[in-house]
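Below is one structure, written out as C-alpha cells; the observations come after it.
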Amino acid sequence: MGPFDYMLAILALLIIAGALIYTYKVGRQTSASPSEMDSEISEKVQEHYVLRNPIFVACIVGAVLILLYIGYVALTTSW
C-alpha cells in the first residue's frame, strides 16, 4: 500500500466521521424542536433512535467495509 492509498483511506475515514457527527447533530436538533405536523413516534424507535436511523447504519456499515478493505490490502501486499 503506497502513500496515496493511505491518504485516500484517511480521507475516507474523515468523511465518514464527519458525516456521522453531522447526522447526529441534525438528528438531535430535529428531535428537540416541537412540531404540530409530526405524527407519534413508536417507543422502540424512541429508545433506539441511532440504530433505527438508516443514515447511521449506512455510515457504520461503510466504515466497517472500508476498514476491512484496508486490512485486506495491507495483509495481501508484499512489503
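Once fully extended, how much extra length lies between LYS25 and THR76, figured as 0.36 nm per residue of separation less the alpha-carbon to alpha-carbon distance?
14.5 nm
Each residue of region 12-23 in turn: what ³J(HN,Hα) in whole Hz from Karplus with 6.51, -1.76, 1.60 and θ = phi - 60°, glycine and Pro shown as x?
Running phi through 6.51 cos²θ - 1.76 cosθ + 1.60 with θ = phi - 60° gives 5, 5, 5, 5, 5, 5, x, 5, 5, 5, 5, 5 Hz.
Since every read-out is calculated from the coordinates, none of them should be taken as a lab result. Being a predicted model, the structure only gives us computed values, none of them experimental.
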